[in-house]
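What follows is a set of notes on a single structure, which appears directly below.
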Amino acid sequence: IDQLNEQLTKPKPSKMSAEIQASDSAFSLQLIDENKNFNDKLLTYINRFTDQTDSSGLNYHIVSVFGSQSTGKSTLLNGLFGTKFDVMDEKKRQQTTKGIWFSHANYIASESLPEKRQDNSKHIFVLDVEGVDGREKADDKDFERKSALFALASTEVLIINIWEHQVGLYQGANMELLKTVMEVNLSLFHSSKQKCLLLFVIRDFTGVTPLSNLADSLRSDLNHIWQEMTKPEGCENEEIQSYFDLDFFSIAHKHFQSEEFAKNIRQLGDRFSSEDSLFRPKYHRGIPIDAWAVYSRQIWEQIELNKDLDLPTQQILVARFRCDEISAEVYKEFYDAFNQINFKNIKSDEDIAEKMKSVRSDALSAYDEQASRYQNSVFEERKKKLEDKIDAKLFEVQSERLDAVSKALIADFEQNALKLKRKSSKDGDVHFGEILDSSNSKCVEAFTRVISIYKMSNGVTFSKQLEDFKVTLHKSGLELKMKERERLVSKITKKFQLRFKEKVIIILSNPSTDSWDKILAYFHELEDKLVKKYIVKGEESDSKFDFLLGLDENTNKDTGAQIEKALWLKFKDIIHDFITEETVSRILRNKFEDAFKYDSDGTPTLWRSVAQVDSRFTKARTDAVSLLPVLSTAILEEGQEIIPDVDISHKDDQDDEYDEDYDGDIPLHFFGHLLSARQQSNISRRLRRETDAIYVDAKRSVIAGQTH
Ligand code: GDP
Ligand code: MG
């Protein structure tokens, strides 16, 4: 079948030169020429007679004529159907060529109608088989058999043209012809039991022997032939009647009874067009007319290749060919219509889907209308393919739309969730996780609704789109939670920083040995105030983070730790930022000056003696110097260094920091190590210099006072 299909889709270019005959015989086509080539122009020819009102494509009939040469076949057809087949010139009597001619009947002759003819509204097409004569010559025999096969594969009524005087002559050319017809018919139709009508037209009928006697004689001849024929297995006992209906008609002599001759032909015409017409539905081959060209070419090619003609297979091939053709046409129309829709200008998904549905169903019903006449399984299979192709095209726009809808919904999802959170945080009773869950299912609902708008076939479910959407939504929810968490952490940290820094500066600006005890106490106080309130042991959850952020238990624990770490880091930053050589020098000098220059009640000291200066100086300086360790290391009064409760060492740039700040044997990245040994000795030196200067001034003023 595939091989045949290939032949079908790539028709051999015909070498034939015969065109549709021009002018006076404009309605006749040499379908098969003497070289047995098939005429390419058949489809064009048939299309000239297409009946627009015939949706089934079955309103047409094929009549063929068979008979020895020069028995007036063409003359009969021309009279009967208004065709213009070549008729042998009476005077020249030249040899007729071989071939099969094809013509749409111009009219059907009529005796009963006043105008003597009837319109060919039945669309009768006529095959005139030329050059068959029943002789034994091998070449002729071959052509005869091939023509018979070809004619019978499509013909409903086969006219057998025969002279009256030859009836009953069992031997002879006529009988050979009949034998050929019957053998061919049996080989073609023994499986399908397709019937056709054999219409014997007896020419030069004299009336001496009644037609019924002639008919009996022909019947018995036919039966005789039938009996003698070797039949395919299973058909051995079949009667001739299961393959043929028989009918008989007589026509008077053309020249001797020309009026009667003409009248007989018109009467025969009435039999073709009467209510009780010779065409019976069971004779019809059921090939829609638009496929007849494909069908007949294919049949002829099979015949020419001497392949067995398997008509059901041929019908499937025709169905495939035509359904493909129709589908391609329909798709093209669909494609153009689809591309003409300006989807960008249509806002609502419903309207877009409506448009899509309408081009889709237009296309499918156009296909149904034209292709449903063909073999059902082929029709259905090709329809499925067409549907898939159409749906794939629709999908391009649909998925674009769904993408846009998905983006919009996710943006909405985030905004709505945050809005709800803000609203509910005032009332303080809605769980962020619940807000997100309900927003999430609302979004999924909305997306599912849009999907249902675009769903127009079972083949396309958009399940991947839905799945992707859910995943994106979930991710977006998680991101929101994490963002909220960051927001919360940084809010807490900021609050902490503001208050803590102020306090640290106040305490360290006036250092004492218990400074760090005060600072650490304040740190814990703030930590309690700012953080602990989020870590409440409740019944359903042991953390308020769960409530605020909708995070799972582990992430919640993590959040607590993260905040604690952030606070400790801030703690470290604040003290390290504040403690510099400069500030510490200033603080110690202030300490010294306060103790040296002022009395305990805060009034400036009036020096009375050098001894007083000396003793005050020594004490003030010793006190100031003694505070340097307090400002160098965060150390409690009891002597332990402050060490963070949590591990804060994991800073991104920890290694660099370590290298930079490493000073002597004290690694400065340690939390409480504020000043290096070198910095401390710098400060001591500077303090000594500055206090010495103050001391000298003071002493000088005492001595000067005493000399006055
Ligand atoms: P075809 O070869 O069978 O197609 O025969 P044609 O139609 O070409 O006719 C062959 C010859 O027979 C022509 O010269 C016709 O005029 C002549 N002829 C046609 N019809 C009749 C008829 O009914 N009787 C007789 N005797 N001659 C006919
Ligand atoms: Mg002829």
Check: Among the numbered criteria (1) under 23 Å from ILE303 (Cβ atoms); (2) acidic (Asp, Glu); (3) within 16 Å of ligand 1 (Cβ to nearest atom), which single criterion is violated by GLU183?
Finding: (3)
Note to self: Out of everything in segment 218-256 that is assigned to a loop (DSSP other than H, G, I, E, B) and among the polar types (S, T, N, Q), what residue ends up being surrounded by the fewest Cβ atoms within 10 Å (Cβ to Cβ)?
What the structure shows: ASN237
Notebook entry, point to check: Pairs under 6 Å by beta carbon, first residue over 16 Å from GLU484 (Cα atoms) in segment 429-453, partner assigned to a loop (DSSP other than H, G, I, E, B) and modelled with pLDDT under 95, six or more apart or different chains?
Noted result: ILE451/PHE462
Next item on the list: Go through segment 595-614 and count every residue that is farther than 11 Å from VAL702 by Cβ and not in a loop (DSSP other than H, G, I, E, B).
Entry: 5
Check: Do any strands (runs of 3 or more DSSP E) entirely within segment 34-152 hold 1 or more residues that are at pLDDT 90 or above and more than 29 Å from LEU188 (Cβ to Cβ), and if so, which?
Finding: 107-109, 117-119
Checklist line | Residue count for segment 46-93, restricted to those that are away from ligand 1 (no atom under 16 Å from the Cβ) and surrounded by 20 or more Cβ atoms within 10 Å (Cβ to Cβ) | finding: 4
Checklist line | Candidates SER399, SER438, SER452, SER476, filtered to the one that is among the polar types (S, T, N, Q), in the same structural domain as GLU350 (by TED's automatic domain parsing) and touching a helix residue (DSSP H, G or I) at 6+ places or on another chain (Cβ under 8 Å) | finding: SER399
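The values are calculated or read from the model by the stated rules, or taken from the named source; none is laboratory data. The model shown is predicted, which means the values in this text are computed figures rather than measured ones. Cβ: placed from backbone, ideal geometry, glycine included. Neighbour counts: every protein chain shown.
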